[in-house]
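Trainee: This is the structure I want to talk about, given as structure tokens.
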Amino acid sequence: MDHHLSPELEELRRTVEEFAHEVVAPKIGDFYERHEFPYEIVREMGRMGLFGLPFPEEYGGMGGDYLALGIALEELARVDSSVAITLEAGVSLGAMPIHLFGTPAQKEEWLPRLCSGEILGAFGLTEPDGGSDAGATRTTARLDEDTNEWVINGSKCFITNSGTDITGLVTVTAVTGRTPEGKPLISSIIVPSGTPGFTVAAPYSKVGWNASDTRELSFSDVRVPAENLLGELGRGYAQFLRILDEGRIAISALATGLAQGCVDESVKYAKERHAFGRPIGSNQAIQFKIADMEMKAHTARLAWRDAASRLVAGEPFKKEAALAKLYSSTVAVDNARDATQIHGGYGFMNEYPVARMWRDSKILEIGEGTSEVQRMLIARELGLVG
Ligand SMILES: Cc1cc2nc3c(=O)[nH]c(=O)nc-3n(C[C@H](O)[C@H](O)[C@H](O)COP(=O)(O)OP(=O)(O)OC[C@H]3O[C@@H](n4cnc5c(N)ncnc54)[C@H](O)[C@@H]3O)c2cc1C
């Protein structure tokens, strides 16, 4: 892996860094406090082309790849994770399934608006009774042969970007049949927002990611045309596992950004804050803490970029994506805890970015596969089964 960014990627990094500091940083605290989705910031991200980063230009994308997406996510999350997860979920979970598994007609219909950020897509896998065990899907879809429509019933929980004013669709997994042995056959189906019988609950009250949209969804005899099937019948579970493998790299980049943001804020504060007549940063205890935080952020960056480089090169990347996600989310939590400690009482005040980072870090060990699930994947890749 080449550790240096190409001139194009370095320019992207600088552009997003500037945007994060000049546009996101001054405004996001208020949105976060009000638990409000930051439409104006998301609109601007759309205008910059961020939602189209890894998609082909023919659909309005930027023609980039997962490395480009990771660079943008890392820079956004250095400042704020709610906007970063809105981008991550919009791209990796909302649009990517359509790009990877959609028919030409589905791509034509959805990708240009997803790439421009005019609409957001969501990914509905998790159910009230099954997150890690995603194969335990209970939502069903039956093909009504008279009308040639899927009839969907069930519910999903914790779905990001699913209830904003600009949400255009949610792709859901549903049981569409059984194998001769009785195992469920799971398929993915596109459900446009506003389809009768598709209800989106009020936003959850969350510990963190408070300017991001997360909702519970319910489906009661929801009818969509048969051609809304995404990919092959009965392959929905396998497709979603592929999406999650890639998504882990994106979450890892986001976690790295948060870990680095904690370093940025701590260095600044350690120089400004005085105790016992000198800056707190002149104490070796504080210096060592920050040095360790920098070490962790740096190593996390190497891990996600390695996984992304393998994905972009068409090489196997499952284990490296799980390693990167496990490591970066662990150190994001570590760094957030240490940064808060360095800020003392101010670190517990919401007006300080580290307080937001502390609240936003925990979910990184849970979403898109918990740390236990990452360990299961790594062990399996090492040949350990059972
Ligand atoms: C803010 C937020 C946004 C989210 N966005 C989305 C989204 O857009 N789309 C979507 O589909 N989902 C989304 N999720 C769901 C998320 O992916 C799940 O919460 C996560 O996968 C864990 O599933 P669970 O909550 O059902 O926990 P469970 O699967 O019930 O796990 C509970 C605990 O048991 C552990 N555990 C489970 N099985 C084992 C095992 N075999 N061995 C050891 N430990 C085990 C888990 O690691 C965890 O610690 C989101 C969640 C949150 C909180």
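The values are calculated or read from the model by the stated rules, or taken from the named source; none is laboratory data. Please read all numbers here as calculations on a predicted model, not as lab measurements. All Cβ positions, even for glycine, are placed from backbone atoms using ideal geometry, and neighbour counts span all protein chains on display.
Trainee: Any idea which of (1) in contact (Cβ under 8 Å) with a residue 12 or more places away in the chain; (2) surrounded by fewer than 17 Cβ atoms within 10 Å (Cβ to Cβ); (3) among the polar types (S, T, N, Q) is the one residue 282 doesn't satisfy?
Mentor: (1)
Trainee: Which condition number in (1) closer than 30 Å to residue 16 by Cα; (2) within 16 Å of the ligand (Cβ to nearest atom); (3) not hydrophobic (A, V, I, L, M, F, W, C) is the one that residue 187 fails?
Mentor: Single failed check for residue 187: (1).
Trainee: Still on this structure: For segment 206-239: of the residues being of a type in the set (Gly, Ala, Ser) and within 16 Å of the ligand (Cβ to nearest atom), which is farthest from residue 137 (Cα to Cα)?
Mentor: Taking segment 206-239 as the starting set, the residues that turn out to be of a type in the set (Gly, Ala, Ser) are 208, 211-212, 218, 220, 226, 231, 234, 236, 238.
Going one step further and asking which of them are within 16 Å of the ligand (Cβ to nearest atom), we end up with 208, 211-212, 218, 236, 238.
Numbers: 208: 27, 211: 28, 212: 25, 218: 14, 236: 11, 238: 13 Å.
Checked segment 206-239; the qualifying residue farthest from residue 137 (Cα to Cα) is 211.
Trainee: Which of the residues belonging to segment 154-211 are acidic (Asp, Glu) and either part of a strand (DSSP E or B) or farther than 20 Å from residue 39 by Cβ (or both)? Steps first, please.
Mentor: Narrowing segment 154-211 to residues acidic (Asp, Glu): 165, 181.
Across segment 154-211, the qualifying residue is only 181.
Trainee: Starting from residues that are among the aromatic types (Phe, Trp, Tyr) and part of a helix (DSSP H, G or I), keep the ones in segment 342-352 and report whichever is surrounded by the most Cβ atoms within 10 Å (Cβ to Cβ). Walk me through how you get there before you give the answer.
Mentor: The first filter runs over segment 342-352 and keeps only residues among the aromatic types (Phe, Trp, Tyr), leaving 346, 348, 352.
Among the residues that remain, those that are also part of a helix (DSSP H, G or I) are: 346, 348.
Values: 346: 14, 348: 12.
Per the criteria, the residue is 346.
Trainee: Looking at 37, 55, 19, which is the one that is within 21 Å of residue 262 (Cα to Cα) and hydrophobic (A, V, I, L, M, F, W, C)?
Mentor: It is 19.
Trainee: What are the residues in segment 177-207 that are among the polar types (S, T, N, Q) and farther than 14 Å from residue 221 by Cα, if any? Please lay out each step first, then the result.
Mentor: Kept after step one, since they are among the polar types (S, T, N, Q), are these residues of segment 177-207: 179, 187-188, 193, 195, 199, 205.
179, 187, 188, 193, 205 - these are the residues of segment 177-207 that are among the polar types (S, T, N, Q) and farther than 14 Å from residue 221 by Cα.
Trainee: Of all residues in segment 37-78, which are surrounded by 20 or more Cβ atoms within 10 Å (Cβ to Cβ), small (Gly, Ala, Ser) and within 23 Å of residue 314 (Cα to Cα)?
Mentor: Once the filter is applied, which keeps residues that are surrounded by 20 or more Cβ atoms within 10 Å (Cβ to Cβ), small (Gly, Ala, Ser) and within 23 Å of residue 314 (Cα to Cα), segment 37-78 yields 52, 61, 64, 68, 70, 72.
Trainee: Go through 355, 332, 339 for me and flag whichever is in contact (Cβ under 8 Å) with a residue 24 or more places away in the chain, away from the ligand (no atom under 16 Å from the Cβ) and part of a helix (DSSP H, G or I).
Mentor: 339
Trainee: Within segment 143-186, restricting attention to residues that are of a type in the set (D, E, K, R) and within 28 Å of residue 120 (Cβ to Cβ), which residue is surrounded by the fewest Cβ atoms within 10 Å (Cβ to Cβ)? I'd like the intermediate steps shown before the answer.
Mentor: In the first step, residues of segment 143-186 are kept if they are of a type in the set (D, E, K, R); the result is 144-146, 149, 156, 165, 178, 181, 183.
Still in the running and within 28 Å of residue 120 (Cβ to Cβ): 149, 156, 165.
Numbers: 149: 18, 156: 24, 165: 10.
Ranking the qualifying residues of segment 143-186, first place goes to 165.
Trainee: Tell me whether segment 241-254 contains one or more residues that are more than 16 Å from the ligand (Cβ to nearest atom), surrounded by fewer than 16 Cβ atoms within 10 Å (Cβ to Cβ) and over 21 Å from residue 110 (Cα atoms). It would help to see each step written out before you state the result.
Mentor: So the first thing to find is which residues in segment 241-254 are more than 16 Å from the ligand (Cβ to nearest atom), and the list is 253.
Narrowing the set further to residues that are surrounded by fewer than 16 Cβ atoms within 10 Å (Cβ to Cβ) leaves none.
Checked against the condition, which is being more than 16 Å from the ligand (Cβ to nearest atom), surrounded by fewer than 16 Cβ atoms within 10 Å (Cβ to Cβ) and over 21 Å from residue 110 (Cα atoms), segment 241-254 yields no hits at all.
Trainee: Kindly indicate whether residue 23 is closer than 17 Å to residue 247 by Cα and not basic (Lys, Arg).
Mentor: no
Trainee: On to the next question. Here are some conditions: (1) closer than 20 Å to residue 223 by Cβ; (2) polar (S, T, N, Q); (3) without any contact (Cβ under 8 Å) to a residue 40 or more places away in the chain. Residue 126 meets all but one. Which one does it not meet?
Mentor: In the conditions (1) closer than 20 Å to residue 223 by Cβ; (2) polar (S, T, N, Q); (3) without any contact (Cβ under 8 Å) to a residue 40 or more places away in the chain, residue 126 misses (1) alone.
Trainee: Still on this model: Do you know which residues across segment 358-380 are in a loop (DSSP other than H, G, I, E, B) and surrounded by 18 or more Cβ atoms within 10 Å (Cβ to Cβ)?
Mentor: 367, 368, 369 - these are the residues of segment 358-380 that are in a loop (DSSP other than H, G, I, E, B) and surrounded by 18 or more Cβ atoms within 10 Å (Cβ to Cβ).
Trainee: Which residue pairs have Cβ atoms under 8 Å apart, sit 6 or more places apart or on different chains, and have a first residue in segment 152-165 that is not assigned by TED's automatic domain parsing to the domain that holds residue 86 and a second that is within 11 Å of the ligand (Cβ to nearest atom) and among the aromatic types (Phe, Trp, Tyr)?
Mentor: Sorted first by the residue in segment 152-165, then by its partner, the pairs are 158/204; 159/123; 160/123.
Trainee: Going by the conditions given, is residue 199 more than 16 Å from the ligand (Cβ to nearest atom), over 25 Å from residue 99 (Cβ atoms), of a type in the set (Val, Ile, Thr) and not assigned by TED's automatic domain parsing to the domain that holds residue 31?
Mentor: On the way: more than 16 Å from the ligand (Cβ to nearest atom): yes; over 25 Å from residue 99 (Cβ atoms): yes; of a type in the set (Val, Ile, Thr): yes; not assigned by TED's automatic domain parsing to the domain that holds residue 31: yes.
So residue 199 passes the test.
Trainee: Additional query: Considering segment 132-151 alone, what residues qualify as being free of Cβ contacts under 8 Å to residues at least 60 places away in the same chain and either within 30 Å of residue 46 (Cβ to Cβ) or near the ligand (Cβ under 10 Å from one of its atoms) (or both)?
Mentor: Correct list: 133, 136.
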